[in-house]
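Beneath this line is the structure, given in structure tokens, with notes to follow.
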Number of protein chains: 2
Amino acid sequence: MSLYGAVEAGGTKFVVAVGDDPLQPRDVRRFSTSNNPLETVSEVVEYFRERGPLKGVGVATFGPIDFASGAITNTPKLAWQNFPLRDALRRGLNVPVGFDTDVNGAALGEARCGAGKGLENLVYITVGTGIGGGALVGGQLVHGLMHPEMGHLLVRRAPGEIAEFKGVCPFHGDCLEGLASGPAMQARWGVPADELAPEHEAWRIEADYLAQACVNLACVVSPQVIVLGGGVMGQRHLFPLVRTRAEELSQGYLPLPAIVPPGLEYPGLSGAFVLAMECV
Amino acid sequence: MSLYGAVEAGGTKFVVAVGDDPLQPRDVRRFSTSNNPLETVSEVVEYFRERGPLKGVGVATFGPIDFASGAITNTPKLAWQNFPLRDALRRGLNVPVGFDTDVNGAALGEARCGAGKGLENLVYITVGTGIGGGALVGGQLVHGLMHPEMGHLLVRRAPGEIAEFKGVCPFHGDCLEGLASGPAMQARWGVPADELAPEHEAWRIEADYLAQACVNLACVVSPQVIVLGGGVMGQRHLFPLVRTRAEELSQGYLPLPAIVPPGLEYPGLSGAFVLAMECV
């Protein structure tokens, strides 16, 4: 009995794996996220039982979540609202369950065995369909009143941004996610982000928003590393633009963290393994 | 030997006290901050020796500081640049010295025995001649690449702000400190902040900047409480304006922290006592 289980719970699919090394998930399986949470949980439980016994399971999940109850709270996926995912898995498997947001999980994974291996202060931001962020401060994941919700940072309009573009966040319009997520770029430029040429001004504007987020993160938690992951960051030419713009914005006042791509192939899934190992 | 020493080290004065209760500093004394740091340190050492022996000393100091060396680093007060304040006191007194920024000290004090007594996640922001912030996350003060520098958060121009006002921060112009510190208000409105009537639009604009900071702090570290202190916050009518504006900006998406005045009469000095107690 040396295996751990890992669950990366997303709004469209659950990715599960077993293993004893966060870098080597074995037997990776995907289940689509059912409109009936009990159905998804029983698929996950069955998958693990067939491979058990396990020492523990880690869950890096979509949110928002409540740490006290281990439940997903006010997600737009109505069937999952207030579903007690942590306890459902704990009861089904009878093992300790480490439970956190997908992006806190990814931050933990990157800090323990990825781009920030061995560091105690790291932020992970995913820039894709949405924007989310997780943070490790002093070696611990940030849990406060709730958890980080970095997608909704308020940012300034980038130089060159047009006032007519109101942003796509249903809550805030032009918060970070509203201006810089994949759907925001598509709404702003009329084509998916990955069809925009590297020299398109869209990338300079995108870099401005991400650089503002990085500078403000440095002002608040002073991380050693900021990892930028997610589909949009697959455009690697964005990294030098973000770094240069962050230096311009901070004007040499602050030492800026390294701004780097993920070191892990599957940050959330590897992070879920670390959650499992650290909860045992 | 039950006494602790506390030092609140500021750019213009050092405030020192002894005691065994952070809420009851005894024998409070002020020394002006000399252009010769060794002179100030020897006054402080002499003060404590006369009242010793002490169990330990806590220092909440102006910054920026480096935790590894215990030095003040690139302060505009040139004589103090790279001065190893922590070790100078440790050598002079031969006791353990707890050492942190003034605002981290204040955050610790407010969390241990002030407005957020017993909480593990709290931010303290001072709004005065400058703006600074300290943070406790998971019960620990935030130390990363350096420490929080919340005065330099990038904020949006408030609705109604004029483009001609460039802000007063020598590094960034219109960062939070550049737009919302006491000197910024004076530069913007032509009179000291405390001469502006409560119904003056200056306060609505000021509240917008502080509310943006509060919302972004909620997005990053999700504190249970944000304490707003410093001279400008002596205008208590600002608190409801900040709270209301923060609710407007977050649009119900995030649970916002309580936004409150300090619970301590001397947050920095009381925090220095806690630093002393917790380093022993």
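The values are calculated or read from the model by the stated rules, or taken from the named source; none is laboratory data. Keep in mind it's a predicted model, so treat the numbers as computed, not measured. Note that we place each Cβ from the backbone using ideal geometry, even for glycine, and neighbour counts take in every protein chain shown. Side chains are part of the model used for accessible areas, which takes the heavy atoms of the whole protein and leaves out ligands, DNA and RNA. Shrake-Rupley method; radii C 1.70, N 1.55, O 1.52, S 1.80 Å.
Taken across both chains, chains A and B shield about 3700 Å² of accessible surface from a 1.4 Å probe.
When the helix-only estimate is applied to chain A (DSSP H runs of n ≥ 4, each -39,500 (n - 2.57), divided by the residue count), what is the mean residue ellipticity at 222 nm, nearest 500 deg cm²/dmol? That comes out to -10500 deg cm²/dmol.
Helix B:201-221 sits at what angle to the longest principal axis of chain B, using alpha carbons and giving 0 to 90 degrees rounded to 10? That works out to roughly 60 degrees. In summary, the lysines within cross-link reach of residue A:13, defined as a Cα separation below 18 angstrom excluding same-chain residues under 8 places away, comprise A:77.
Ranked by the mean number of other Cβ atoms within 10 Å per residue, highest first, peptides A:86-94, A:13-21 order as A:13-21, A:86-94. Accessible-area rank, largest first, for A:147, A:237: A:237, A:147, with all protein chains present and a 1.4 angstrom probe. With protein chains left intact and a 1.4 Å probe, residues in chain A average 38 Å² of accessible area per residue. Computed from label points 7 Å out along Cα-Cβ, the spacing between residue B:66 and residue B:82 is 0.8 nm. Between helix B:238-250 and chain B there is an angle of about 60 degrees, using the helix long axis and the longest principal axis of the Cα atoms.
Peptides A:61-74, A:199-212 ranked from most to least packed give A:199-212, A:61-74, packing being the mean of other C-beta atoms within 10 angstrom over each peptide's residues. Per residue of peptide A:253-262, the mean number of Cβ atoms on other chains within 10 Å of the residue Cβ is 3.
The portion of the accessible surface of chain B made up by carbon and sulfur, rounded to a whole percent, is 50 (1.4 Å probe; DNA, RNA and ligands excluded).
For peptide A:155-161, the mean count of partner chain Cβ atoms within 10 Å of a residue's Cβ comes to 2. Residues of the stretch A:197-243 whose accessible area (probe 1.4 Å, heavy atoms of protein chains only) drops by at least 50 Å² once all protein chains are present, relative to their chain alone: A:216, A:219, A:220, A:222. Suppose a student asked you for the relative contact order of the stretch A:118-260, using Cα pairs under 8 Å spaced at least 6 residues apart; what percent would you report? Here the relative contact order equals 27 percent. Relative to the longest principal axis of the Cα atoms of chain B, the long axis of helix B:37-51 makes an angle of roughly 60 degrees.
Computed over the stretch B:118-260, the P(r) curve from all C-alpha pair distances, binned at 5 Å from the origin, holds 2, 10, 21, 24, 21, 13, 7, 2, 0 percent per bin. Can you list the lysines whose alpha carbon is less than 19 Å from that of residue A:166, not counting same-chain residues fewer than 8 positions off? Counting by Cα, and skipping residues close in sequence, residue A:166 has no lysines nearby.
Projected area of the protein assembly as shown, taken from the Cα convex hull and averaged over every viewing direction, in nm²?
The directionally averaged projection comes out at 26.1 nm².
Would you please classify the overall shape of the stretch A:214-260 from the alpha carbon gyration tensor, given that a ≥ b ≥ c denote the square roots of the eigenvalues, rounded means a/c under 1.5, and beyond that prolate means a/b larger than b/c while oblate covers the rest? Oblate, because a/c is 1.5 or more while a/b does not exceed b/c. Rounded to the nearest 20 debye, the dipole size of chain A about its Cα centre is 400 debye, using +1 on the Cβ of Lys and Arg and -1 on the Cβ of Asp and Glu.
Rounded to whole numbers, the Karplus 3J(HN,Hα) couplings from phi for the stretch B:90-100 are 4, 5, x, 10, 6, 9, x, 10, x, 9, 7 Hz, using 6.51 cos²θ - 1.76 cosθ + 1.60 with θ = phi - 60°, and x at Gly and Pro. Only beta bridges with both residues in the stretch A:118-260 are counted; by DSSP, about 55 percent of them are antiparallel. If r is the Cβ-Cβ distance from residue A:74 to residue B:171 and R0 is 35 Å, what FRET efficiency results, to the nearest 0.05? Efficiency at R0 = 35 Å is approximately 0.35. What shape does chain A take by its C-alpha gyration tensor, where a ≥ b ≥ c are the square roots of the eigenvalues and a/c under 1.5 counts as rounded, a/b above b/c as prolate, and the rest as oblate? Prolate is the answer for chain A, as a/c is 1.5 or above and a/b outweighs b/c. Can you give the average number of partner chain beta-carbon atoms within 10 Å of each beta-carbon in peptide A:130-139, as a whole number? The mean count of partner-chain Cβ atoms within 10 Å per residue comes to 3. Which of the aspartates and glutamates could be linked to residue A:117 by a straight reach, that is with a Cα gap under 19 Å, when you skip same-chain ones fewer than 8 residues away? Residue A:117 reaches A:20, A:21, A:102, A:265, A:278. For the stretch B:16-112, what does the alpha-carbon gyration tensor say about shape, rounded, prolate or oblate, given a ≥ b ≥ c as the root eigenvalues, a/c under 1.5 as rounded, and a/b over b/c as prolate? Because a/c hits 1.5 or more and a/b fails to exceed b/c, the stretch B:16-112 counts as oblate.
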